[in-house]
2 protein chains.
Amino acid sequence: MMDEEVLFLKDIALFKDLPDDKLGKVISIVRKVTFRENEIIMQEGDVGDTMYIILDGTVEVAKSLVLGNLDDESTEKNKVFTRLSGKHHAVFGEIALLEESKRTATIKAVTDCLMYEMKKDDFLNLAAKDYELGYRILLNLSRIVSARLRKADEDTVKLSTALSIVLQET
Amino acid sequence: MMDEEVLFLKDIALFKDLPDDKLGKVISIVRKVTFRENEIIMQEGDVGDTMYIILDGTVEVAKSLVLGNLDDESTEKNKVFTRLSGKHHAVFGEIALLEESKRTATIKAVTDCLMYEMKKDDFLNLAAKDYELGYRILLNLSRIVSARLRKADEDTVKLSTALSIVLQET
């Protein structure tokens with residue numbers, strides 16, 4: 001059973017380059033949780049300390065933006081929606097491993113879901129006992145977060161450009 | 001001499017909670033470099049693998065935004081300017097420790113400057129030999145980057161709001 005669980009984690013960017021014994025330690029601090037179809041898993045703006053890994057099922061990510069990006073699958077004005085599923089071993093809420101912070105999106109189960117949850121304190125305690133594990137996970141996590149920062153910076157420039165054009169025309 | 005250098009690093013958020021012996025190891029991989037008044041230290045868009053810590057002097061950070069934020073010290077349209085100095089033990093370019101990536105701002109020396117530079121490979125090699133050091137620095141770095149991501153997300157929402165208001169009025 002452990003082997004199958006370790007195999008699942010191997011495909012997750014957050015656990016890239018972790019040897020099997022470290023993945024086993026990761027398994028030791030996660031807990032399996034289930035969510036029902038339509039259940040809200042986290043609410044944008046709430047403070048959280050839990051990361052989730054989807055094992056089975058699909059969730060919808062809704063992020064408030066006063067103006068939605070029409071190229072995306074926006075079905076409601078002022079929100080951007082994306083979907084994540086167990087098929088892609090999707091992870092969400094990983095910034096909560098670093099510090100308690102406000103959720104930046106609302107996540108809703110669109111099917112019944114099975115997930116691993118990992119708590120910030122369990123991760124930080126494990127990392128402080130096994131610095132190699134902590135180092136490797138944080139190297140992955142900080143690369144993921146810095147890629148997102150680059151994307152957010154690009155969005156800012158695009159939005160500023162749009163605003164500048166509109167203001168010049170009026 | 002080492003003590004004075006270690007003392008300087010203690011005030012830097014990136015090295016928070018590092019014991020003195022680890023700070024000594026950090027000192028062992030940095031190199032002192034100087035820049036002349038008006039010299040460009042890094043150019044927005046260029047790829048870099050170096051982080052800088054200002055020991056003495058002041059730099060100007062210029063970030064291209066098609067629309068500058070008028071509340072800031074914008075002195076030129078389409079750019080935001082801020083200043084960093086040795087007085088506050090300022091650090092810049094730290095995302096380059098994670099991976100070679102494009103600089104997100106242009107940094108110019110506004111006075112003669114003395115700095116420490118740290119190269120990505122030297123940092124990653126040191127961290128792979130001393131995982132505790134790597135873990136502690138990456139925990140600080142990932143918290144710094146995630147705070148910036150939060151700020152960038154807030155900027156996106158503000159800009160979207162402004163754009164939405166302007167579009168409704170036209």
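The values are calculated or read from the model by the stated rules, or taken from the named source; none is laboratory data. Everything quoted here is computed from the prediction, not taken from an experiment. So basically every Cβ, Gly included, is an ideal-geometry build from the backbone, and we count neighbours across all protein chains shown.
Of the residues making up segment A:139-161, those that are within 7 Å of chain B (Cβ to nearest Cβ), in contact with a Leu (Cβ under 7 Å, 6 or more places away or on another chain) and among the polar types (S, T, N, Q) are A:Ser142, A:Ser146, A:Thr156, A:Ser160.
Take the conditions (1) under 22 Å from B:Phe8 (Cβ atoms); (2) facing chain A (nearest Cβ under 10 Å); (3) outside any helix (DSSP H, G or I); (4) of a type in the set (D, E, K, R); B:Glu117 misses just one of them, which is (2).
Pairs are defined by a Cβ separation below 6 Å, a sequence spacing of at least 6 or placement on different chains, a first member in segment B:105-128 that is touching a residue at least 12 places away in the same chain (Cβ under 8 Å), and a second member that is surrounded by 20 or more Cβ atoms within 10 Å (Cβ to Cβ) and part of a helix (DSSP H, G or I); the pairs so defined are B:Lys120/B:Ala96; B:Lys120/B:Leu97; B:Phe123/B:Leu97. Of all the criteria given as (1) without any contact (Cβ under 8 Å) to a residue 60 or more places away in the chain; (2) part of a helix (DSSP H, G or I), the one not satisfied by B:Glu99 is (2). Restricting attention to segment A:76-122, the residues being touching a Leu at 6+ places or on another chain (Cβ under 9 Å), of a type in the set (Val, Ile, Thr) and modelled with pLDDT of 95 or more number 1. A:Tyr52 passes every criterion in (1) within 22 Å of A:Lys120 (Cα to Cα); (2) in contact with a Gly (Cβ under 6 Å, 6 or more places away or on another chain); (3) modelled with pLDDT under 95; (4) buried (at least 17 other Cβ atoms within 10 Å of the Cβ) apart from (3). Remark: B:Ile95 falls outside the filter, which requires a residue to be surrounded by 17 or more Cβ atoms within 10 Å (Cβ to Cβ), more than 14 Å from chain A (Cβ to nearest Cβ) and not small (Gly, Ala, Ser).
Looking across segment B:78-96, just one residue is small (Gly, Ala, Ser), closer than 20 Å to B:Asn125 by Cα and assigned to a helix (DSSP H, G or I), and that is B:Ala96. Scanning segment B:2-13 for residues that are surrounded by 11 or more Cβ atoms within 10 Å (Cβ to Cβ) and either touching a His at 6+ places or on another chain (Cβ under 7 Å) or farther than 19 Å from B:Leu114 by Cα (or both) returns B:Phe8, B:Ile12, B:Ala13. Flag not set for A:Ser164, criterion: surrounded by 18 or more Cβ atoms within 10 Å (Cβ to Cβ), more than 24 Å from A:Val26 (Cα to Cα), facing chain B (nearest Cβ under 8 Å) and at pLDDT below 90.
Screening segment B:86-139 for residues that are under 21 Å from A:Val145 (Cβ atoms) and among the polar types (S, T, N, Q) and picking the one that is farthest from the chain's Cα centre (by Cα) gives B:Ser101. Quick check: anything in segment B:41-52 touching a Leu at 6+ places or on another chain (Cβ under 8 Å) and part of a strand (DSSP E or B)? Within segment B:41-52, one or more residues are touching a Leu at 6+ places or on another chain (Cβ under 8 Å) and part of a strand (DSSP E or B). In segment B:123-132, how many are more than 7 Å from every other protein chain (Cβ to nearest Cβ) and assigned to a helix (DSSP H, G or I)? Final tally of qualifying residues: 6. Of everything listed in (1) among the basic types (Lys, Arg); (2) touching a strand residue (DSSP E or B) at 6+ places or on another chain (Cβ under 8 Å); (3) farther than 15 Å from B:Asp122 by Cβ, the single unmet condition for B:Lys16 is (2).
State yes or no: is B:Tyr135 of a type outside the set (A, V, I, L, M, F, W, C), more than 9 Å from every other protein chain (Cβ to nearest Cβ) and either assigned to a loop (DSSP other than H, G, I, E, B) or touching a Phe, Trp or Tyr at 6+ places or on another chain (Cβ under 9 Å) (or both)?
no
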